[in-house]
Amino acid sequence: MLPEILTRKLRLLFVGTTVSETSNELGFYYLGPNNRFWGLLEYAGITPTSVVTPQERKILVETLKTHALTEMYKKLFFEKKEAVLAKYRIGLTDLNRRRVFSKDDDPDARPTPEDIRKFVLKVEKYQPQIVAFVASIEIFESCFKSLYPSANRQRGKQDFTIGSSEVWLLGNASGRAKDTDALEQVFEDLADRLGSLA
């Protein structure tokens, strides 16, 4: 299981549903073959360049295939990327931290009420400025509607906070979703909001 990247004074905490088997095998977050997450951060200007480039992902995949991707190499790669994200005060975590899954739409990957309770306590402790969900709209709503009745399927800033943290719903960036324009727009809106908080 990939470690969380979670510290105090974050500007932005991205939250997925669960760590995928592919990302876990390759040693970092959002490394599924069609995942658009890192490209969307660069596209929107949240990071000036892609934190993980397509070329880096390709090298990781090839190294994995030849059995040369050691735990030490993965650890070094993780620490390098964690340091980059720290410069931008960006953190990464997932709602379901119990085990990895091949796909986040696996029924067993759905976060439990206990997962959500632990997550809320973490956010209240670390107090990132913005918590942004990179998860399916359905999962977001089913996880938070009972705790926060105003939680809804509208992408963008939600009408509730977790502790002092603003909540944003971005949607799933896995590449299976066909809502490219909506994803690009909400990442741009998030970048604008971050700019206003700086």
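The Cα center of region 1-40 and the Cα center of region 107-161 differ in position by 16 Å. Summarising the label geometry, the points placed 7 Å from Cα in the beta-carbon direction at residue 87 and residue 8 lie 2.5 nm from one another. The sum of -39500 (n - 2.57) across all DSSP H runs of n ≥ 4, divided by the residue count of the chain, sets its helix-only mean residue ellipticity at 222 nm to -13000 deg cm²/dmol. Within straight-line reach of residue 157, meaning a Cα separation under 17 Å, sit the following lysines at least 8 residues removed in sequence or on another chain: 145. Straightening the chain between residue 78 and residue 62 buys 4.0 nm, computed as 0.36 nm per residue apart minus the Cα-Cα spacing. For the pair residue 180 and residue 114, the difference between a 0.36 nm per residue extended length and the Cα-Cα distance amounts to 20.5 nm.
With the Kirkwood sum run over all distinct C-alpha pairs, region 60-147 has a hydrodynamic radius of 15.5 Å. Label-to-label distance for residue 103 and residue 42 is 2.7 nm, based on points extended 7 Å past Cα in the beta-carbon direction.
Every number in this text was worked out from the coordinates using simple rules, so none of it is lab data. Source: prediction; values computed, not measured. All Cβ positions, even for glycine, are placed from backbone atoms using ideal geometry, and neighbour counts span all protein chains on display.
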